[in-house]
Amino acid sequence: MSATRLLVLGAVRQHGRAHGYQVRSDLEMWGAHEWSNVKPGSIYHALKQMAKQGLMSAHEIAESPAGGPPRTEYELTPGGEAEYQTLLRRALSKHDVKFDELTAGVGFIVDLPRAEAVSLLKERAAALEGWRAEIAKHWTPESGDHSEWGHIGEIMGLGVHTAEGDAEWTRGLIARLEGGAYVMAGEGDPWAGMRTEAAGDPYASPKRS
């Protein structure tokens, strides 16, 4: 649920106020349905649940001039902003979050100042290196050959390989950020060109000539 919450909070946040279709369109454009468990139903459920929990304010909007049913627009409350910031920082700094939480965090990394994003990723890289060292210390045969423990040894080998690959990727992202990649918070609009167009929104007001 944390990945879905982070994705939905972040998508609403970048619009200021957004309805379910906008959030769904954004996440589909980013391919979130491929690398997370977020689905149309879970998006709408998350919006309603977080409104009940006080993380979002729900605004009933009258029927659009183009026709169609009334819709509800959502915006983050102060509590929702705090939840978003907490989830984002956790996703980027912890080594043991699920893959979809990490990818959601990376998707919104530009909402953070560059120095803070780098600091969080360095924390993650250090945790991964510590995890790898712990595996190597306690779960590796003296010969270094995991096959000595039969197929169970492959589990330990996978753990070491995963930690090493993950740490390498994290260090690479740190280097790219330190090298000036991407527009980060406080440097301009990180989302310029990334938002869905109103033309794709069946609830949007007609364009004025």
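Conditions (1) assigned by TED's automatic domain parsing to the domain that holds residue 23; (2) in contact (Cβ under 8 Å) with a residue 24 or more places away in the chain, marked per residue:
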residue	(1), (2)
71	yes, yes
79	yes, yes
88	yes, yes
94	yes, yes
99	yes, yes
102	yes, no
124	no, yes
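Looking at region 170-209, which of the residues that are touching a Pro at 6+ places or on another chain (Cβ under 8 Å) and at pLDDT below 70 is farthest from residue 123 (Cα to Cα)?
Here is the first cut: in region 170-209, the residues touching a Pro at 6+ places or on another chain (Cβ under 8 Å) are 182-186, 205-206.
Filter once more, keeping what is at pLDDT below 70: 205-206.
On the way: 205: 46, 206: 48 Å.
The residue in question is 206.
Please work out if residue 115 is in contact with a His (Cβ under 9 Å, 6 or more places away or on another chain) and either over 22 Å from residue 15 (Cβ atoms) or in the same structural domain as residue 167 (by TED's automatic domain parsing) (or both). Steps first, please.
Details: in contact with a His (Cβ under 9 Å, 6 or more places away or on another chain): no; either over 22 Å from residue 15 (Cβ atoms) or in the same structural domain as residue 167 (by TED's automatic domain parsing) (or both): yes.
No.
Residue-by-condition table, conditions (1) under 19 Å from residue 110 (Cα atoms); (2) modelled with pLDDT of 90 or more; (3) not in a helix (DSSP H, G or I):
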site	(1), (2), (3)
6	yes, yes, no
13	yes, yes, no
47	no, yes, no
59	no, yes, yes
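Just name the residue that is modelled with the lowest pLDDT out of those in region 118-139 that are of a type in the set (A, V, I, L, M) and more than 14 Å from residue 172 (Cβ to Cβ). I'd like the intermediate steps shown before the answer.
The initial filter retains those residues of region 118-139 that are of a type in the set (A, V, I, L, M), namely 118, 120-121, 125-128, 133, 135-136.
When the remaining residues are screened for being more than 14 Å from residue 172 (Cβ to Cβ), the result is 120, 126-127, 133, 135-136.
Numbers: 120: 98, 126: 95, 127: 94, 133: 84, 135: 74, 136: 70.
So the residue we want is 136.
Could you check region 30-63 and list, in sequence order, the residues that are surrounded by 15 or more Cβ atoms within 10 Å (Cβ to Cβ) and among the acidic types (Asp, Glu)?
none
So that you can scan it fast, the table gives a plain yes or no per residue for (1) crowded, with 18+ Cβ neighbours inside 10 Å; (2) at pLDDT 95 or above; (3) in contact with a Leu (Cβ under 8 Å, 6 or more places away or on another chain):
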position: 82; (1), (2), (3): no, yes, no
position: 88; (1), (2), (3): yes, yes, yes
position: 92; (1), (2), (3): yes, yes, yes
position: 110; (1), (2), (3): yes, yes, no
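The values are calculated or read from the model by the stated rules, or taken from the named source; none is laboratory data. Being a predicted model, the structure only gives us computed values, none of them experimental. A quick note on method: Cβ atoms are made from the backbone with ideal geometry, for glycine too, and the neighbour counts reach across all protein chains shown.
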